Structures are given as structure tokens and as C-alpha cells.
1. Would the range 253-274 turn up any residue that is closer than 30 Å to K48 by Cβ, within 12 Å of the chain's Cα centre (by Cα) and at pLDDT 95 or above?
2. So the check is Cβ under 7 Å with 6+ separation or different chains; which pairs have a first residue in the range 184-196 that's in contact (Cβ under 8 Å) with a residue 12 or more places away in the chain and a second one that's surrounded by 15 or more Cβ atoms within 10 Å (Cβ to Cβ) and aromatic (F, W, Y)?
3. Based on what the data block shows, is E186 more than 15 Å from S270 (Cα to Cα) and assigned to a helix (DSSP H, G or I)?
4. Of L291, L344, which residue is more than 21 Å from the chain's Cα centre (by Cα) and assigned by TED's automatic domain parsing to the domain that holds F241?
5. Report, ordered by the first and then the second residue, all pairs with beta carbons closer than 8 Å, sequence separation of six or more or different chains, a first member in the range 72-98 that is more than 14 Å from G123 (Cβ to Cβ), and a second member that is of a type in the set (F, W, Y) and crowded, with 16+ Cβ neighbours inside 10 Å.
6. List the residue pairs whose Cβ atoms are under 7 Å apart, where the first residue sits in the range 12-38 and is touching a residue at least 60 places away in the same chain (Cβ under 8 Å), the second is in a helix (DSSP H, G or I) and β-branched (V, I, T), and the two are 6 or more positions apart or on different chains.
7. Check the range 320-339 and report whether any residue there is assigned to a helix (DSSP H, G or I) and farther than 26 Å from T200 by Cα.
8. Residues being over 16 Å from E300 (Cβ atoms) and either assigned by TED's automatic domain parsing to the domain that holds E78 or part of a loop (DSSP other than H, G, I, E, B) (or both): count how many of those fall in the range 24-54.
Amino acid sequence: MTNNDTLTQQVTEMRHELALIANAPAGAPRGPSGRFYTDPAYFDYERKTVLRKNWHCVGRVDELTNVGDYRAIQLLDEPLIVVRDTEKIKVLSNVCRHRGMPLVKDTGNAKRFVCSYHAWTYGTDGALLRAARMKNASFDLKSCRLPEMCSEERYGFIYVCLDSSPPDIDKALAGLETVIGHYQPEQFRIVHTATEIWKTNWKCLVENFMEGYHLSVVHPETLHGYTPTGLSKKGPSGEGFTSYFAKYPQGIEARGQGAPGLDDDERARSSLFSVFPCQVASVAASLLVSLSIRPVKVDEIEVTWTMSTFGDELDGDTIEKRISLWEEVNREDREKLEIMQTALSSVHATGGPLAGSDYEGTVFDFLSWQARQDMAFDTAAQGA
């Protein structure tokens with residue numbers, strides 16, 4: 001048996017394990033074995049399937065308010081430019097069509113993108129405008145535009161899919177409106193953004209953020225007083241998302257009034273949701289925090305997190321306190337996940353039983369989604 005055969009067999013075994021987990025008897029949910037978070041071959045399989053073929057959040061619409069505003073990011077193996085063109089926000093390849101040089105880095109505003117290598121010049125719509133000294137008879141400016149990725153805007157977020165035939169985003173998000181619609185997330189305005197490298201598997205952070213089981217243990221000073229584990233409540237889920245509610249104890253003041261359509265229950269909780277595969281977020285009356293997770297390696301992710309506020313309810317001092325709070329919450333989670341990552345390769349990390357629906361039902365939703373995706377890819381491959 002060759003090394004490739006061995007790797008293929010390992011991935012097949014893990015896919016079978018995932019299917020068994022998703023079809024576990026009611027009342028007996030389990031998590032997967034540690035190799036789901038540590039095996040490089042399985043991560044490579046994920047990159048080609050579930051990660052490449054689904055929608056990723058790459059920022060907030062209001063981060064790019066003026067024509068020419070852009071942000072450069074790396075998603076899997078693809079350098080991208082998220083840019084506001086004259087018509088809409090577009091996601092373009094950040095690779096010059098001449099020799100493959102990245103065109104921009106970080107953030108900024110530009111009327112055009114000029115390659116630093118040979119000065120090929122592109123418009124914010126991706127069209128090649130100028131290529132100095134290219135006099136070849138066969139050269140055609142129009143054939144050298146920057147490829148554009150499929151992108152959509154929903155709830156004030158920008159989503160991109162690297163696959164040329166993306167899934168229906170509205171079908172994936174059907175039902176999410178009942179969770180976050182009344183908060184009017186598209187009306188929130190960004191006040192903070194930061195990017196960090198975490199030494200953990202991408203799925204670990206999704207699962208961690210989306211379960212209330214750890215809140216009182218990992219965050220005794222930062223979150224327990226406001227959102228204790230015991231008040232966690234499973235929320236709706238759909239084809240491409242899950243949610244839960246972190247309710248506030250009686251007597252705790254609501255976090256602002258927020259949108260006029262919010263009811264008392266919505267003001268008295270934080271509503272947490274995940275858009276699969278790699279966005280997790282928490283929205284309260286006046287505060288919205290979103291984490292965009294970009295897998296780098298099997299045990300490394302790049303995390304961009306943003307904080308947005310509703311209207312002008314929060315003054316500058318309060319906003320700074322909220323930023324500091326979330327920096328500490330993220331530090332606490334990051335510390336635990338990076339420690340856990342070092343042990344997940346153990347033969348004894350066999351996957352344990354999950355807690356009840358209100359505490360880890362969202363984790364089961366995520367695992368079930370992965371299993372459905374895997375089955376769909378398998379069906380498509382057989383029909384090809």
C-alpha cells in the first residue's frame with residue numbers, strides 16, 4: 001500500500017466516523033475523535049471541499065464606505081481584494097495576470113491597482129487598463145482582467161465563495177432572520193477590528209464560540225456574571241447556520257435599547273450564531289461582535305474580529321470598555337484552545353459525549369452540517 005493509499009484510507013475512515021456521529025441515536029450525541037482537528041490529510045480534504053465550496057464572511061459592508069476602499073485578505077490559497085467599486089462591493093483576485101505578483105496589501109483606498117513589479121494597472125472592477133510595452137500581436141487587454149469571486153451581502157456582512165458554482169446563500173441562511181432580524185444588524189457601524197493568529201484547528205473555535213457550556217468555567221470574571229452557562233438556551237438552526245441564546249440574569253440591565261423592533265426577551269440576551277463554515281458572531285441590542293475564521297494550517301487559523309455598535313447609544317468610554325472585555329474573552333478562549341490542540345493528537349482523544357441541547361446542541365448542528373456536506377460532495381463526485 002502506498003502513502004497515498006494510506007492517506008485516502010484515513011480520510012475515508014474519518015468521513016465514516018463523521019456520518020456515524022451525525023446519525024447518532026436521539027439523546028446520545030458525541031463529538032469526533034481528536035484526529036478531526038489534527039490530521040493534515042483530512043485538513044487537505046476539507047480545504048478542497050467544505051471550505052472551498054461554501055460561503056465565508058470577509059468583513060462588514062460599512063468597512064468599505066467609499067469607492068476605491070479595499071481590504072486585502074488571504075482565504076485558503078487565494079490572495080483576494082475586497083473592494084468597493086462604483087457599482088457594488090466586489091471580491092477580486094489579488095494576483096497580477098502577468099507574473100503572479102500580489103497587487104495590494106493591508107487596507108487602503110485606490111482609484112486603480114498598479115502592480116509593483118511591471119506596473120500593469122487594473123481598475124477597481126478588475127479590468128486591465130494598461131500594460132506598458134506589451135506590443136505582442138496576440139496580447140489582448142480584455143482577456144487579462146482580474147478574476148472576480150462570487151460574493152453576496154447579507155445582514156451587513158460580505159460573504160465570498162471561492163467555488164464558481166456556490167450554494168444558494170439564501171437557502172443556507174433561511175431562518176436566520178428569526179434570530180437576528182429584529183436587531184437590524186445591517187444598521188450597526190464598525191468601531192473596532194483586529195486580526196490575530198491562533199494555534200488551533202478552525203473547527204475548535206467554531207465549536208467553542210457556539211456553545212454556552214464553557215462560559216461560567218472559562219470566563220468567570222468576564223462573562224459569567226452576564227451570561228452564565230445555566231441560562232444558555234438553544235436557538236433555531238437551518239441548512240447553513242446554528243444559534244443559541246445567552247440570557248442575562250434577572251436584575252441585569254439590558255445592553256442598550258437597540259433597534260425599535262426588539263422585544264424585551266431580545267434585549268435581555270445575546271444572540272449567538274454561526275454561518276457555516278467559518279463565521280461566528282454575537283449580537284445584543286447595541287453591540288455586534290463577529291469573528292471571521294480563515295484556516296491556514298491544520299493547527300493554525302487567522303481570526304479577524306470586528307465590533308460594531310447600534311446608533312450612538314454607547315459613548316466612547318463604554319465602547320473602549322467593551323473592546324477591552326472582548327479582547328480578554330478572546331484571550332481566555334484562545335489560551336484554552338491552544339492548550340487543547342496540543343492534546344488532540346493523543347490516542348485517548350476519542351471523542352466524548354456532548355452535553356444537552358441547550359449547552360452543546362449547536363456543536364451537533366455543526367457536525368451534522370459537515371456530514372451533510374460530505375455526503376453531497378460524495379454524490380456529486382459519483383455523478384461526475
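The values are calculated or read from the model by the stated rules, or taken from the named source; none is laboratory data. Every value quoted in this text rests on a predicted model; they were computed, and no experiment measured them. FYI the Cβ positions are ideal-geometry reconstructions off the backbone, even for glycines, and counts take in every protein chain you see.
1. yes
2. Partner pairs satisfying both residue conditions: P185/Y155; E186/Y155; Q187/F310; F188/F310; A194/W305.
3. Yes, satisfied.
4. On the way: L291 fails: more than 21 Å from the chain's Cα centre (by Cα).
From the options L291, L344, the qualifying one is L344.
5. V82/Y70; H98/W120
6. So the pair list comes out as R30/I21; G31/V363; P32/I21.
7. Scanning the range 320-339, I find at least one residue that is assigned to a helix (DSSP H, G or I) and farther than 26 Å from T200 by Cα, so the answer is yes.
8. Qualifying residue count, the range 24-54: 12.
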